[in-house]
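A quick write-up on the structure given underneath.
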């Protein structure tokens, strides 16, 4: 087993709950890239961050390791976070196609429409928190692209889901006793009340989709899931579809919105990069923007770790890990490694221009057969959102210190909400008109 700090389990747990990044970082500086913790939720836990070990873990057979963490319990038995083995592989096979290839292009106009709708009310010259706006953009986009929701159902879900996901997210990092229903006024009881409302709305959406005369022509993810068939011809059950839709929302809405708020927070503190990105967007190019998103995800990971649990004793590098032990891939430690990313403490998107990151050193979406299904959708959503913002606004820069990291339960957000000051840019057509008017008056 990797070395372990001589700190009581209770104190290790307190440190982990209060500030996971700081606690894990402190132990990592003392013991290196592999160490053992004893945590209240996970029990004996091996933490790794070396890319070679991460690759070994992600490619280890499912006969030897299982999923880890508590999200499966929170999202329901039909979520890919809950499934194991053959059922998990079969489900992924059905879910991957809607989130890849040309289908992504079909969702871009939805994202841009939601961005333009949201920023229409942004005040000029006044500091504003961007995180709430990013939450609304990603929520509305995913409701339209994934749920196929509109009208009354859209409004109900838009009101219901943020509170439900945030409550469940905060309870997911607490011991199992916190996720027991002690009545409608208990913390988990309130989540259950919201979940029943959610299930009722999804049941109506499923019925509406099946009764839609244009059902076969629809390309939202709900319709595609209803149309999907396993190899034996069977379908995904309605209950499991509800769990999967919630998984896609919980895994994609808040994390993507938080990353976008971090992107604004970072760009305001790097004016030269901001100018270069604006020029690139105006030229219709995107290499630097993509590299910037990679670097934001590296330096400000919104998810701290991804977990597995051993089914039997396994060997991982030089370590032998016993049965029923948790293994955490520390995303924050992996991304802060100078061996993988020279001068890792510096925010430098140029490191990724023309050189995509190693997917065992850079792991914001996890890896292996449990890598996030919606990774391509999330990346597209961030590209379209930032491209639209840079096209429409000039962002005021600042010399203020970077915003601190604030835990929202599962995700880590900018402590002050990713604040920005914006001024609307003059369009090319408007600028030409102004130049011509100036020439006439001269």
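Against the conditions (1) crowded, with 24+ Cβ neighbours inside 10 Å; (2) in contact with a strand residue (DSSP E or B) (Cβ under 6 Å, 6 or more places away or on another chain); (3) not in a strand (DSSP E or B), where does residue 327 fall short? Just the number, please.
(3)
In segment 317-326, which residues are out of contact with any helix residue (DSSP H, G or I) (no Cβ under 6 Å at 6 or more places or on another chain) and in contact (Cβ under 8 Å) with a residue 12 or more places away in the chain?
319, 320, 321, 322, 323, 324, 325, 326
In segment 103-117, how many residues are surrounded by 22 or more Cβ atoms within 10 Å (Cβ to Cβ) and within 20 Å of residue 420 (Cα to Cα)? If you could, list the steps in order and put the result at the bottom.
Step one: of segment 103-117, the residues surrounded by 22 or more Cβ atoms within 10 Å (Cβ to Cβ) are 107, 111, 114-115.
Subset that is within 20 Å of residue 420 (Cα to Cα): 114-115.
Going through segment 103-117 one residue at a time, the tally reaches 2.
Which of (1) at pLDDT 90 or above; (2) surrounded by 14 or more Cβ atoms within 10 Å (Cβ to Cβ) is the odd one out, the single condition residue 247 does not satisfy?
The number of the failed condition is (1).
Restricting attention to segment 396-424, which residues are in contact with a helix residue (DSSP H, G or I) (Cβ under 6 Å, 6 or more places away or on another chain) and under 25 Å from residue 279 (Cα atoms)?
Listed by number, the residues that qualify are 397, 418, 420.
Of the residues 355, 332, which is in a loop (DSSP other than H, G, I, E, B), touching a helix residue (DSSP H, G or I) at 6+ places or on another chain (Cβ under 9 Å) and at negative phi?
355
If I ask for residues that are surrounded by fewer than 21 Cβ atoms within 10 Å (Cβ to Cβ) and either over 16 Å from the mean Cα position of the chain (by Cα) or more than 26 Å from residue 246 (Cα to Cα) (or both), which ones from segment 360-371 would you list?
361, 368, 369
Name every residue in segment 230-274 that is without any contact (Cβ under 8 Å) to a residue 40 or more places away in the chain and over 30 Å from residue 172 (Cα atoms), in order of residue number.
Residues satisfying the conditions are 232, 233, 234, 272.
I need a count of the residues in segment 256-282 that are touching a strand residue (DSSP E or B) at 6+ places or on another chain (Cβ under 8 Å) and more than 9 Å from residue 418 (Cα to Cα).
Number satisfying all stated conditions: 4.
On the basis of being at pLDDT below 90, touching a strand residue (DSSP E or B) at 6+ places or on another chain (Cβ under 9 Å) and surrounded by 14 or more Cβ atoms within 10 Å (Cβ to Cβ), does residue 67 make the cut? Before you say what the answer is, go through the steps one by one.
On the way: at pLDDT below 90: yes; touching a strand residue (DSSP E or B) at 6+ places or on another chain (Cβ under 9 Å): yes; surrounded by 14 or more Cβ atoms within 10 Å (Cβ to Cβ): yes.
Answer is yes for this residue.
Can you confirm whether residue 189 is over 30 Å from residue 117 (Cα atoms) and outside any helix (DSSP H, G or I)?
For residue 189, the condition - over 30 Å from residue 117 (Cα atoms) and outside any helix (DSSP H, G or I) - is not met.
Return yes when residue 168 is in a loop (DSSP other than H, G, I, E, B), buried (at least 17 other Cβ atoms within 10 Å of the Cβ) and modelled with pLDDT under 85 and no when it is not.
no
What number goes with the only condition from (1) farther than 25 Å from residue 111 by Cα; (2) over 22 Å from the mean Cα position of the chain (by Cα); (3) modelled with pLDDT of 85 or more that residue 191 does not pass?
Of everything listed in (1) farther than 25 Å from residue 111 by Cα; (2) over 22 Å from the mean Cα position of the chain (by Cα); (3) modelled with pLDDT of 85 or more, residue 191 misses just condition (2).
Restricting to segment 74-102, what's the tally of residues that are in contact (Cβ under 8 Å) with a residue 24 or more places away in the chain, assigned to a helix (DSSP H, G or I) and either surrounded by 15 or more Cβ atoms within 10 Å (Cβ to Cβ) or at positive phi (or both)?
Selection size over segment 74-102: 10.
When segment 22-53 is examined, which residues are found to be in contact with a helix residue (DSSP H, G or I) (Cβ under 9 Å, 6 or more places away or on another chain), within 24 Å of residue 358 (Cα to Cα) and either free of Cβ contacts under 8 Å to residues at least 40 places away in the same chain or surrounded by fewer than 18 Cβ atoms within 10 Å (Cβ to Cβ) (or both)?
25, 35 - these are the residues of segment 22-53 that are in contact with a helix residue (DSSP H, G or I) (Cβ under 9 Å, 6 or more places away or on another chain), within 24 Å of residue 358 (Cα to Cα) and either free of Cβ contacts under 8 Å to residues at least 40 places away in the same chain or surrounded by fewer than 18 Cβ atoms within 10 Å (Cβ to Cβ) (or both).
Could you check segment 396-418 and list, in sequence order, the residues that are modelled with pLDDT of 90 or more and surrounded by fewer than 19 Cβ atoms within 10 Å (Cβ to Cβ)?
The answer is 396, 397, 398, 399, 400, 401, 402, 404, 415, 416.
What's the number of the only condition in (1) modelled with pLDDT of 90 or more; (2) surrounded by 20 or more Cβ atoms within 10 Å (Cβ to Cβ) that residue 374 fails to meet?
(1)
The values are calculated or read from the model by the stated rules, or taken from the named source; none is laboratory data. Worth saying up front: this structure is predicted, and the values here are computed from it rather than measured. Every residue, glycine among them, receives a Cβ derived from its backbone with ideal geometry; neighbour counts consider all protein chains shown.
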